[in-house]
Amino acid sequence: MFTPNEFQVQLFAQIFGSTKGKSKITQDLMGVLGCSRASLYRKRTGSTPLTADELVKLANHFSLSIDALRTNSEENAQIVVCTTMPPIKQYSDIDFYLENTRRNLEIAVQQPDAQLYFTAKELPLYRYMNQPTLSAFRYYLWIMENIRRHQRFDPVEVPSELIQKGADLTKLSQSIKTTEFWTASAFDNLIGQISYTQASGRISGRILAQLKLELLQVVDELAENIISEKSSAGAPYQMVLCHYLTLSDGALIEIGPNYSEVLFSYGSINYMKSTNPNLVNAFKHGL
């Protein structure tokens with residue numbers, strides 16, 4: 001019978017087993033958990049349970065998948081652990097987001113039978129991250145709450161590294177078999193954001209024209225994908241047009257027959273990720 005204490009012992013065994021220098025790792029753990037050596041010992045032996053916050057701290061610090069440590073459905077049914085993205089406050093946070101998303105996709109692309117399911121109440125980000133002005137506009141909107149209220153949008157002020165990483169992410173997304181579930185209003189939010197920025201006097205006519213041009217290119221590429229049933233890189237593609245979606249923006253990545261990840265969006269750019277089979281199956285049933 002599985003108990004949380006057994007899992008906790010297994011977690012610490014994984015941390016100590018994958019790291020050299022037991023003295024250093026002990027000090028590191030005490031710093032991450034903010035506890036004494038005696039308290040750490042009790043946590044390591046399972047006599048003091050870890051809180052959910054402590055689990056997430058350990059997973060983030062040591063780059064561990066807590067779900068992956070559990071080996072049977074009974075364990076997965078009892079504990080759900082979701083890794084989350086940090087809030088977007090500056091451009092470096094967007095860089096972290098792009099890198100993390102790229103790693104998720106790279107794992108899937110390496111598997112020949114992997115498939116991505118995406119529910120798109122809004123235009124999927126990877127659909128236009130290869131458009132320099134559109135992607136710069138998206139990054140600008142994400143951090144607008146943390147900059148001067150009336151700062152104008154200028155693409156040249158967005159770090160070029162983010163533009164390139166966004167383009168790389170779009171290219172990578174075209175290499176996996178994909179099914180997208182769309183509503184007819186998927187473009188409306190982005191168009192509304194552009195219109196609002198124009199109406200508030202924070203965008204020039206020249207940049208507005210470039211945004212419109214790039215948006216038309218996104219539409220043309222989407223239409224071509226739908227007709228050919230292939231992505232721009234030749235991977236199988238299908239769009240399912242829905243009258244409505246009961247799911248919010250989210251994604252399911254089937255990496256292999258026994259391994260899937262589900263991602264639920266929250267707070268604009270942020271998402272929670274889990275491999276828990278109950279969540280995976282719930283997402284599948286919602287499609």
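The table below lists the values:
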{"read-out": "Every residue from the stretch 222-243 that is part of a helix (DSSP H, G or I) and among the small types (Gly, Ala, Ser)", "value": "Ala223, Ser228"}
{"read-out": "Scan of the stretch 189-221 for residues that are more than 19 Å from Met129 (Cβ to Cβ) and either assigned to a helix (DSSP H, G or I) or hydrophobic (A, V, I, L, M, F, W, C) (or both), ordered by number", "value": "Gly192, Ser195, Tyr196, Gln198, Ala199, Ile203, Gly205, Arg206, Leu208, Ala209"}
{"read-out": "In the stretch 143-154, residue surrounded by the most Cβ atoms within 10 Å (Cβ to Cβ) [restricted to those that are charged (D, E, K, R) and at pLDDT below 85]", "value": "Glu145"}
{"read-out": "Lone unmet requirement of (1) at pLDDT below 80; (2) outside any helix (DSSP H, G or I) for Thr48", "value": "(1)"}
{"read-out": "Test result for Ala108, touching a Pro at 6+ places or on another chain (Cβ under 6 Å), buried (at least 21 other Cβ atoms within 10 Å of the Cβ) and among the small types (Gly, Ala, Ser)", "value": "no"}
{"read-out": "Residues located in the stretch 89-106, provided they are at pLDDT below 80 and within 15 Å of Thr178 (Cα to Cα)", "value": "Asn104"}
{"read-out": "Answer from Tyr126, Tyr196, Tyr140, Tyr117 - the residue that is within 28 Å of Ile255 (Cα to Cα), among the aromatic types (Phe, Trp, Tyr) and either touching a helix residue (DSSP H, G or I) at 6+ places or on another chain (Cβ under 6 Å) or at pLDDT 90 or above (or both)", "value": "Tyr126"}
{"read-out": "Single match in Glu99, Glu106, Glu161, Glu122 (criterion: at negative phi and assigned to a loop (DSSP other than H, G, I, E, B))", "value": "Glu122"}
{"read-out": "Any hit, the stretch 124-131, residues being touching a strand residue (DSSP E or B) at 6+ places or on another chain (Cβ under 8 Å), within 16 Å of Lys171 (Cα to Cα) and surrounded by 18 or more Cβ atoms within 10 Å (Cβ to Cβ)", "value": "yes"}
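The values are calculated or read from the model by the stated rules, or taken from the named source; none is laboratory data. None of the values given here were measured: they were computed from a predicted structure. With ideal geometry, Cβ positions are generated from the backbone for all residues, glycine too; neighbour counts draw on all protein chains shown.
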